There are 4 protein chains.
Amino acid sequence: MATGLRIDSLPGAAPENDHKEDIVRVGVIGYGYWGPNIVRNFHAQERSRVVAVCDTSVKSLQRVRQAHPEMPVTQEYSDLLEAANIDVAAIVTPVWTHYELAKAALENGKHVFVEKPFTCTTAQAEELIELAERKHLKIMVDHTFLFTGAVRRIRQLIDDGTLGELYYYDSTRVNLGLFQHDVNVIWDLAPHDLSIMDYLIKEKPEAVVATGERHLNGVADVAFLTLYYPNNMIGHINVNWLSPVKVRTTLIGGVKKMQVWNDLEADEKIKIYDKGVEMSGDVYKLLVSYRAGDMWAPRVEQVEALKIEAAYFIECILSDKRPFNDGIAGLHVVRMLEAADRSLEQKGKIVQL
Amino acid sequence: MATGLRIDSLPGAAPENDHKEDIVRVGVIGYGYWGPNIVRNFHAQERSRVVAVCDTSVKSLQRVRQAHPEMPVTQEYSDLLEAANIDVAAIVTPVWTHYELAKAALENGKHVFVEKPFTCTTAQAEELIELAERKHLKIMVDHTFLFTGAVRRIRQLIDDGTLGELYYYDSTRVNLGLFQHDVNVIWDLAPHDLSIMDYLIKEKPEAVVATGERHLNGVADVAFLTLYYPNNMIGHINVNWLSPVKVRTTLIGGVKKMQVWNDLEADEKIKIYDKGVEMSGDVYKLLVSYRAGDMWAPRVEQVEALKIEAAYFIECILSDKRPFNDGIAGLHVVRMLEAADRSLEQKGKIVQL
Amino acid sequence: MATGLRIDSLPGAAPENDHKEDIVRVGVIGYGYWGPNIVRNFHAQERSRVVAVCDTSVKSLQRVRQAHPEMPVTQEYSDLLEAANIDVAAIVTPVWTHYELAKAALENGKHVFVEKPFTCTTAQAEELIELAERKHLKIMVDHTFLFTGAVRRIRQLIDDGTLGELYYYDSTRVNLGLFQHDVNVIWDLAPHDLSIMDYLIKEKPEAVVATGERHLNGVADVAFLTLYYPNNMIGHINVNWLSPVKVRTTLIGGVKKMQVWNDLEADEKIKIYDKGVEMSGDVYKLLVSYRAGDMWAPRVEQVEALKIEAAYFIECILSDKRPFNDGIAGLHVVRMLEAADRSLEQKGKIVQL
Amino acid sequence: MATGLRIDSLPGAAPENDHKEDIVRVGVIGYGYWGPNIVRNFHAQERSRVVAVCDTSVKSLQRVRQAHPEMPVTQEYSDLLEAANIDVAAIVTPVWTHYELAKAALENGKHVFVEKPFTCTTAQAEELIELAERKHLKIMVDHTFLFTGAVRRIRQLIDDGTLGELYYYDSTRVNLGLFQHDVNVIWDLAPHDLSIMDYLIKEKPEAVVATGERHLNGVADVAFLTLYYPNNMIGHINVNWLSPVKVRTTLIGGVKKMQVWNDLEADEKIKIYDKGVEMSGDVYKLLVSYRAGDMWAPRVEQVEALKIEAAYFIECILSDKRPFNDGIAGLHVVRMLEAADRSLEQKGKIVQL
């Protein structure tokens, strides 16, 4: 079993690609819940490699070692941010650290890939955007959902006019835990919906109303957001850490068609209903009639969203394009979160945006 | 085929019960969508009979005739309210007519069974309650859901401490239509939830926040209510006339157990989850741990709710008991609806109760 | 409340239609579980009336009286079969009585509407068919499912080539009870599937294999049928009286599309999947590739099937047309049931048809 | 980024465990669909290591390299079977190769872990069992399902009498593809059910009836198995490669309780219904009454089954215990498959076991 079995002797094994100029080198900070996915996906890209991982926890670094035995690791993020052989800093840490880490990364000339939500405040987000601009560096905020087959398909259905003008967007995103120590349930779960709405809906919300309650550790664990849009379009987000069941369902009502997106369905995630209302008669005697036709579940691409997102970021860097989920997209979400918090504290007082 | 086949000649057919003193005679006003159920259920009771039906529409009266060939009918409600042989007026008409009809009925010495919502305003409700009190007559507001096996079972689970103190009550009640001309979606769909919450939850809500939007005929067709209760308990109701799918799901989170009530399930309407959160540690280092145990779906009685409700009203009249779903229960719901409307008009401004 | 309220005084109430020549007069024998639906539906037709109901049980006749106070009733079926004012005998009794009752009805010159399964034996069915032929009378076997929106839609999808040549038809029809004393689970539940397959599938089955087991009262309560068709098409029926859950699901695989029919779904009963398999390569190196495209749920008409069926039978009688669900269709099902019983007794021995 | 980041310098990183006598060294043959899971799970065990992987395909070996950069690989299985540093040969190849590979492994003194189905014939299985016996080596057949939380929970519910004597076991296991070139759908899908039934049910089946049909590549792609057990217990397995939807549902009816196991449910995989039938009266007038009580979904352990299975095999080897899923268990399944094939060829002719 000794020598002959080395992989190097594989017939036909290709020599490693060494065109360093075409390879984006990524350093990953944070190897908690989501970090392993970031490492795996940037590492598996043809045009990128993860060249180091940083985490303050030794246990996390041992997990790195198990999965990637040869990966250099460190407990000091400055090691990583100052390393010359790193092009991108991927920041996969709690939100309260994003600003400091991203700022240091940009100042060290690194592009930044950062978890959602982008920052704790709009002021931080604006500062980072400006800094990146000045240094000609890219920021991508990891709004992973925008790269799922489902969201891309819904975008298409809105853009091509299938749904028609939107009446409402109503998302329920509830489950048991995971409780965060530093943020409330809105900052934990709503960024998904806020980034998706920002991506799908052409108009921007004009005001937000948030209600909710805290029961356990001093931060809201149940919350309800209403977003007022122009033209009577309305958005609603129901987030809850205390639900016995996991729900990921979004109803979207349009003038022409209506849609249910159940992200927990294995196959038929999106269902388009040829259902609606037609109004006739005059204002004094309005007649409402219902249309109930076929239902249709378009096939949704099943590729891992993060894989597509990573490839897209690499592409943006190599061909100097601005990603659509850039710092500005991140800022939009942070602005909504800030406004929601202000409204929540005042028990639903409307906050204009 | 001639004579011998008359039912009168049936061997063993019991003579009709004619103890008039034990029979409550009901006159029904309104034979639209819900009226036929009222007639059928009061007619089928052992201790009540429907003795007349009133509707302004000839078409509706023809439907009465088809179902009950011998039933006296009229287009004039005063015929019915002034008839000496009627003990109860069942008012199954649009909400804007309730006050006038119920007042006339009470003034004519009739007990009143009235559809939900009770009245258009709290002032009207209070006046009717006082009038009934003065005349020693009963009012029952038809909050049918309180008589379903599901709601009675949930009440039991709350009362016997199975769920523990409540964290939240979150109901989604959406479907396509039916649009009403005179009321918005809150007045149409939320009375169900408001009456159930009034029945289930010991504390009374302190404030309400309502948001929503109108898209078609000038009244809100999508709306979201938040109810603030004492002790951080929170309620939420999502009502929508523009949903492609029908949803009737309520999540109830308690300290000990959590519950999902899906009223559209044929069998397992109620599911109790042995799931929850335990907190430990001190305020500086809070540890959250999750409990995920068995699920349990208690058998729910399947008797038609309206049948039980009708029997209960007859019993209340015959033994001079006050029904729990009386005018006061109706008033509670109207008060919430009024407050919700005020909040809705001001885009979520909190309204104290 | 006295005189003025009689329905006769309704403004605009039409005088009763008395053109007796256009009205088919139906006598119903049997008022158990299904009888009330038969009475209601033949009675509500414009061109038919139920003129008498027969049941040996006084209790059943009292139920007739409650629902239809003026309906003549009898305990003697000969009263009904000999009555001159009856055109059709609707036989809604246990299967072992069908032959005798239908024969007497035909001999008395009545058309026959009879519950499924048609008869206990093919010999009986053939005799009745011949008798009806001779007397120029119609037989309709109540295969109600053939008149549902779902089955008619599936027929369309097969006829217009949407599904393509069929690979298989696989039905699961299980629930808890109702146990029958006189027949096994095959005779109770499989006639639905057998009549549907007879209606949908152009080819006739060539052989049947049945397995199953008895656990309680001496007749099989769990059974599985396989039907061999020409061209490798195969059918399968799973029937079970001992299932804790009710299932009514049929998978139909076609060369072009595949279909799932879940009859318990309120809305999307039929789902068409653009899924399939393509074969390429030669016999030595066959390549299989899968096609997984959109899913589509066509709208299914929701009218009560029995209403359509009753109207159709009346139409067949008045215009002297042969119903497609006639005695021959009934015979096809009985032949399959007989064969299934023979196979079942021999533990799956194939029975050629 | 140079030296300081090596994982070797991790504070607190434990030295590698080198007690070779306690470590079982596994060589894996076959790295197709399932192989990666086998490698990952035996490699992650505390007391085992994968020390080489063999596959005839260079592409597969390159996938090994990506996942495990330092893993020795080979295209020659004899390299692996003759290597002195290997204790266990894990055979994860098509079924027609199992006999030859397992025999060579045993002859070389290796324990054998082999995919299901064990072998192509009972004769092969018996020979391997005897060979292992003679050489004092272990065989484990990879009936992974026996190590899932669901199956272990059901076993408990049967063993502790919760379900009572069994009436039937009815499994539906259908999906689109994957077509196999060398085996039919019975050999592909039914081994799961056959091994589970062998594990759960105390009695052994006495006879089998199989029906089915071939449509594409000459082997049956749709098939139905009935298993006759003592005491009127009956088993049924529905397997299909041409289903548009994936179904993994098993109904189990017992005298005391009934059960539905839906393996595709994320949470409530097992539901126990307090439903059943009670018989009373004598043979001439049998009364059947139904019991419909609560439903209960016990929590099911979610650990990866293969991880538990791998640990169990290692434990069996180190402490010289006979695994319950040994060659004999594998033989039971092969015997059923052989019999099913014989019955299938004769269109359902019963085959005694």
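Selection of first residues in the stretch A:294-311 that are closer than 16 Å to A:N41 by Cβ and of second residues that are part of a helix (DSSP H, G or I) and among the hydroxyl-bearing types (S, T, Y), restricted to Cβ pairs under 7 Å at least 6 apart or on distinct chains, gives the following pairs, ordered by first then second residue: A:A305/A:T144; A:L306/A:T144; A:E309/A:T144.
In this structure, is D:N231 surrounded by fewer than 23 Cβ atoms within 10 Å (Cβ to Cβ) and on the phi > 0 side of the Ramachandran plot? Answer is yes for this residue. In the stretch B:276-302, of all residues being among the aromatic types (F, W, Y) and either assigned to a loop (DSSP other than H, G, I, E, B) or more than 9 Å from chain A (Cβ to nearest Cβ) (or both), the one that is nearest to A:L178 (Cα to Cα) corresponds to B:Y284.
For the stretch A:71-99, enumerate the residues that are within 9 Å of another protein chain (Cβ to nearest Cβ), in contact with a Lys or Arg (Cβ under 8 Å, 6 or more places away or on another chain) and buried (at least 19 other Cβ atoms within 10 Å of the Cβ). Selection gives A:M71, A:P72, A:V73, A:I86. For residues that are in contact with a helix residue (DSSP H, G or I) (Cβ under 8 Å, 6 or more places away or on another chain) and not in a strand (DSSP E or B), scanning just the stretch C:258-275, find the one that is farthest from the other protein chains (Cβ to nearest Cβ). Filtering first and then ranking leaves C:D263. Counting the residues of the stretch D:117-138 that are among the hydrophobic types (A, V, I, L, M, F, W, C), in contact (Cβ under 8 Å) with a residue 60 or more places away in the chain and closer than 21 Å to D:S319 by Cβ gives 2. Does C:I252 qualify as being under 24 Å from C:S195 (Cβ atoms), at the interface with another protein chain (Cβ under 7 Å from one of its Cβ atoms) and among the β-branched types (V, I, T)? Spelling it out, it is not the case that C:I252 is under 24 Å from C:S195 (Cβ atoms), at the interface with another protein chain (Cβ under 7 Å from one of its Cβ atoms) and among the β-branched types (V, I, T).
Yes or no, residue by residue, for (1) touching a Leu at 6+ places or on another chain (Cβ under 8 Å); (2) in a loop (DSSP other than H, G, I, E, B); (3) not hydroxyl-bearing (S, T, Y):
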position: B:V222; (1), (2), (3): yes, no, yes
position: B:T226; (1), (2), (3): no, no, no
position: B:N231; (1), (2), (3): no, no, yes
position: B:I237; (1), (2), (3): yes, no, yes
position: B:P244; (1), (2), (3): yes, no, yes
position: B:L251; (1), (2), (3): no, no, yes
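Within the stretch C:91-121, the residues that satisfy the criterion of being hydrophobic (A, V, I, L, M, F, W, C) and within 14 Å of the chain's Cα centre (by Cα) are C:I91, C:V92, C:V95, C:F113, C:V114, C:F118.
Within the stretch B:39-70, the set of residues being within 12 Å of another protein chain (Cβ to nearest Cβ) and acidic (D, E) comprises B:D55, B:E70.
Applying the criterion of at least 3 residues that are at positive phi to the helices (runs of 4 or more DSSP H) found wholly in the stretch D:56-153 leaves an empty list.
Based on this model, can you work out whether C:I158 counts as away from every other protein chain (no Cβ under 12 Å), surrounded by 24 or more Cβ atoms within 10 Å (Cβ to Cβ) and not in a loop (DSSP other than H, G, I, E, B)? Spelling it out, it is not the case that C:I158 is away from every other protein chain (no Cβ under 12 Å), surrounded by 24 or more Cβ atoms within 10 Å (Cβ to Cβ) and not in a loop (DSSP other than H, G, I, E, B). Taking the stretch D:1-33 as the range and being loosely packed, with under 15 Cβ neighbours inside 10 Å, at pLDDT 50 or above and part of a loop (DSSP other than H, G, I, E, B) as the test, the residues that pass are D:G32, D:Y33.
Checking each residue in the stretch B:103-137 for being more than 18 Å from B:S171 (Cβ to Cβ) and in contact with an Asp or Glu (Cβ under 7 Å, 6 or more places away or on another chain) picks out B:N108, B:K110, B:H111, B:F113, B:V114, B:E115, B:T121, B:T122.
Scanning the stretch C:175-188 for residues being closer than 14 Å to C:A223 by Cβ and not in a strand (DSSP E or B) gives a total of 8. Candidates are the residues of the stretch A:213-239 that are over 27 Å from B:V219 (Cβ atoms) and facing chain B (nearest Cβ under 7 Å); the one that is modelled with the lowest pLDDT is A:N217.
Condition check ((1) in contact with a strand residue (DSSP E or B) (Cβ under 6 Å, 6 or more places away or on another chain); (2) surrounded by fewer than 20 Cβ atoms within 10 Å (Cβ to Cβ); (3) in a loop (DSSP other than H, G, I, E, B); (4) away from chain B (no Cβ under 13 Å)) across all residues:
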| site | (1), (2), (3), (4) |
| --- | --- |
| A:R173 | yes, no, no, no |
| A:A190 | yes, no, no, yes |
| A:Y199 | no, yes, no, yes |
| A:P205 | yes, no, yes, no |
| A:V208 | yes, no, no, no |
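Per-residue answers, yes or no, for (1) in contact with a Leu (Cβ under 9 Å, 6 or more places away or on another chain); (2) modelled with pLDDT of 95 or more; (3) of a type in the set (G, A, S):
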| site | (1), (2), (3) |
| --- | --- |
| B:A102 | yes, yes, yes |
| B:E107 | yes, yes, no |
| B:H111 | yes, yes, no |
| B:I129 | yes, yes, no |
| B:T162 | no, yes, no |
| B:S171 | yes, yes, yes |
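The values are calculated or read from the model by the stated rules, or taken from the named source; none is laboratory data. For clarity, every value in this text was computed on a predicted model and none was experimentally measured. Positions of Cβ are backbone-derived with ideal geometry, glycine not excepted, and every protein chain shown enters the neighbour counts.
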